[in-house]
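As structure tokens, the structure follows; a few thoughts come after it.
The values are calculated or read from the model by the stated rules, or taken from the named source; none is laboratory data. Here the structure is a predicted model, which means the values were calculated and not measured. Counting neighbours? That spans all protein chains shown, and the Cβs are built from the backbone with ideal geometry, glycine included. The protein model used for the area step is the full one, side chains on, heavy atoms only, and it has no ligands, DNA or RNA in it. Shrake-Rupley method; radii C 1.70, N 1.55, O 1.52, S 1.80 Å.
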Amino acid sequence: GAEVVFSVDCTKLREHFSPGKREFHRVYFNFPHCGRKAGVVRNRQLLAGFFHSCSEVLVEEGEVHVALCNGQGGTPADQPPRDWHNSWQIVAVAAGAGFILSHVHPFGAENIQGYKCTGYRSQDKSFHVEGALNHIFTRSTALLCCTPLSCKTRVGNQKVFFQVPQILVDKINRGFLDVNSSHPVRTIKEKLSAGLSQAFPVQNINSCLPLLHQAHPDGVCPSSVFWITPSPEEAPSTEEMSQGLENEVLFSHFGQDIDKDAKEGCPIPKQFYLRPSLLPHAQAITQKGDFSPGTLHVFSGPVFRKCRISPHSMPVFHEMLVVLAVSRSAENSCIQMLVDNIKSTTNSLHQATSGTKPSISLQEATSFGTELSDFAAFEGQLGEIQHFLCVGTDPDSSGPCVGVIRTAPRELKSPELVFISASLNLDLLAMLLCGISDWRMLWTSDRRFLRQFPEGELRLFQSFSLYPPSYVHDVSFWLPDGEQFDEMAFHTLARRVSGEMIISMQLRDSFQQPGTGRRSLCYRVTFQSCDRALSSREAAEMQLRFRGEMQQQLGVTLR
């Protein structure tokens with residue numbers, strides 16, 4: 001009952017089928033080749049045309065299967081792998097048409113009923129199918145084009161508008177911790193809360209916590225926060241926030257009554273910053289008379305911090321903060337009870353997902369060393385840290401810092417009580433427990449991510465984008481005379497321009513010109529997406545925009 005069509009140009013599939021027959025669920029191309037002694041370049045061009053043609057006839061969740069001889073694809077699945085430049089570079093070629101490699105498995109000709117490898121013109125010269133691989137491609141979600149987003153809130157009797165930093169536009173209102181969410185960060189938060197409730201009375205603070213803080217971030221490096229300058233008038237591109245976040249966006253600061261200032265005609269302060277931690281909110285609540293000693297108060301929500309680019313450094317993550325007030329005599333025992341409870345819950349979660357026991361260590365703040373993660377280094381500026389909580393999947397390694405244990409700063413200490421808090425990075429815990437190698441995957445809009453996590457369950461994550469292509473570009477520039485180079489601003493600019501498509505920025509060379517003393521830096525920039533198709537052309541365009549923005553925003557001179 002199958003229809004057989006001859007003389008089909010694989011780069012023009014749309015022309016060979018009527019409109020009613022153009023929506024295929026699968027397209028197979030076994031051992032494509034231009035013929036005779038065609039080189040790798042011509043075969044890449046053939047595949048490029050084929051993938052573009054498939055995009056016109058494939059249903060939204062369809063698949064493209066391409067079988068290649070061992071080594072041709074240029075992926076780590078080839079054994080032995082062939083040099084990338086001498087391969088067909090199938091993943092990069094497919095990315096140019098919006099496809100990602102989702103599965104690879106051996107091509108078993110013997111398992112296909114009726115399939116026969118006839119060879120060239122039915123001669124006794126068949127393909128060498130030993131080690132051949134079938135590559136299965138699926139459509140990628142489109143690259144995000146983040147348009148400016150303005151949010152509004154009410155300060156006293158005035159409406160105030162502010163523009164969300166561009167690198168946070170797609171992350172500002174995702175609702176991962178909402179009641180109906182099945183995201184792993186919420187599952188981990190709920191599991192930790194349930195575990196803590198076995199040892200302490202627990203009270204979840206569900207009231208909306210202000211998203212913005214006002215004035216200078218006390219004790220925090222100003223270059224590490226996202227500064228916000230509100231506008232008194234509505235911007236043309238203003239969008240309504242969802243009800244949940246709009247309630248959060250309150251221009252308030254503990255210790256100052258902005259509503260009162262507005263009523264009395266005082267000018268509203270112009271400088272705000274996105275909250276880098278939930279700790280100030282917790283400190284404000286501990287000063288209220290209704291704060292119950294002995295009860296564990298649990299806060300959670302997204303926090304925002306500028307950081308350098310790396311797979312484990314995230315400009316936004318979900319913090320879980322627990323605060324406990326106890327008598328001074330019970331301080332050490334309660335800290336130990338708190339840590340043991342977190343360890344026990346984390347152990348059980350990791351064993352449930354991977355079947356192995358993680359390495360969880362509690363390290364003294366004085367002996368943690370100088371090589372802190374961005375999370376630990378930033379937390380050290382917010383209070384008196386006593387311990388760092390580290391989780392590793394390797395029994396012989398302490399792993400990255402996922403949390404800190406601290407006691408209250410001096411202004412909150414009292415003769416009778418001591419305040420203990422534990423701050424946990426839920427995103428980093430989700431990565432470690434579910435085997436997610438890149439923080440960006442937690443924020444993907446691809447539905448295949450959440451499908452792997454039914455509500456209330458944690459599983460090892462199986463990537464739907466295998467061996468994503470990477471593109472390396474170098475950039476060299478002269479620094480402005482007499483000015484210090486702001487590396488944090490450099491990384492933040494790279495995040496914004498690339499839309500988080502840069503996975504690594506490494507300093508390759510630093511040169512000082514004799515005589516003039518001018519200083520030059522050279523960075524190697526690696527573009528790679530963890531969940532979307534990224535073509536070499538798109539990466540090159542991002543690099544050009546990055547170079548232009550560097551000159552305008554950082555005042556450097558390109559070489």
The FRET efficiency for E56 and Q166, from their Cβ-Cβ distance with R0 = 41 Å and rounded to 0.05, is 0.80
For the E457, V4 Cβ pair and Förster radius 45 Å, calculated FRET efficiency rounded to 0.05 is 0.50
Computed over the range 471-558, the relative contact order (Cα-Cα under 8 Å, seq sep at least six) in percent reads 42 percent
Computed on Cα atoms, Rg of the range 471-558 relative to 2.2 N^0.38 Å comes out at 1.13
In Å, the Kirkwood estimate of hydrodynamic radius for the range 13-139 over Cα pairs equals 15.3 Å
For S445 the rounded accessible area (nearest 10 Å², probe 1.4 Å, non-protein molecules ignored) is 60 Å²
Length gained, E130-R524, 0.36 nm per residue minus C-alpha separation, equals 138.0 nm
Once both label points are put 7 Å beyond Cα along the C-beta direction, the S292-S510 separation in nm becomes 5.4 nm
A chain fully extended from V40 to M488 at 0.36 nm per residue, minus the present Cα-Cα distance, gains in nm 157.1 nm
Whole-percent carbon and sulfur contribution to the accessible surface of the range 435-488 (1.4 Å, no ligands, DNA or RNA) stands at 46 percent
Of all DSSP beta bridges with both partners in the range 13-139, the antiparallel percent, nearest 5, is 70 percent
Accessible-area order for Y523, Y28, Y467, largest to smallest, probe 1.4 angstrom, reads Y28, Y467, Y523
Rounded to whole Å², per residue accessible area for the range 471-558 with a 1.4 Å probe reads 48 Å²
Using a 1.4 Å probe on heavy atoms of the protein chains only, the accessible area for K288 in Å², nearest 10, reads 110 Å²
Given a Förster distance of 51 Å, the FRET efficiency implied by the Cβ-Cβ spacing of S327 and R448, rounded to the nearest 0.05, works out to 0.50
For S348, placing the label point 7 angstrom along Cα-to-beta-carbon and taking the range 175-198, residues whose amide nitrogen sits under 14 Å are 188-198
For H16 and R308, extending 7 Å from Cα along the Cα-Cβ vector and measuring point to point gives, in nm, a value of 5.3 nm
When every protein chain stays in place and a 1.4 Å probe is rolled, S520, S348 sorted by accessible area with the largest first are S348, S520
By accessible area (1.4 Å), largest first, C221, C401 order as C221, C401
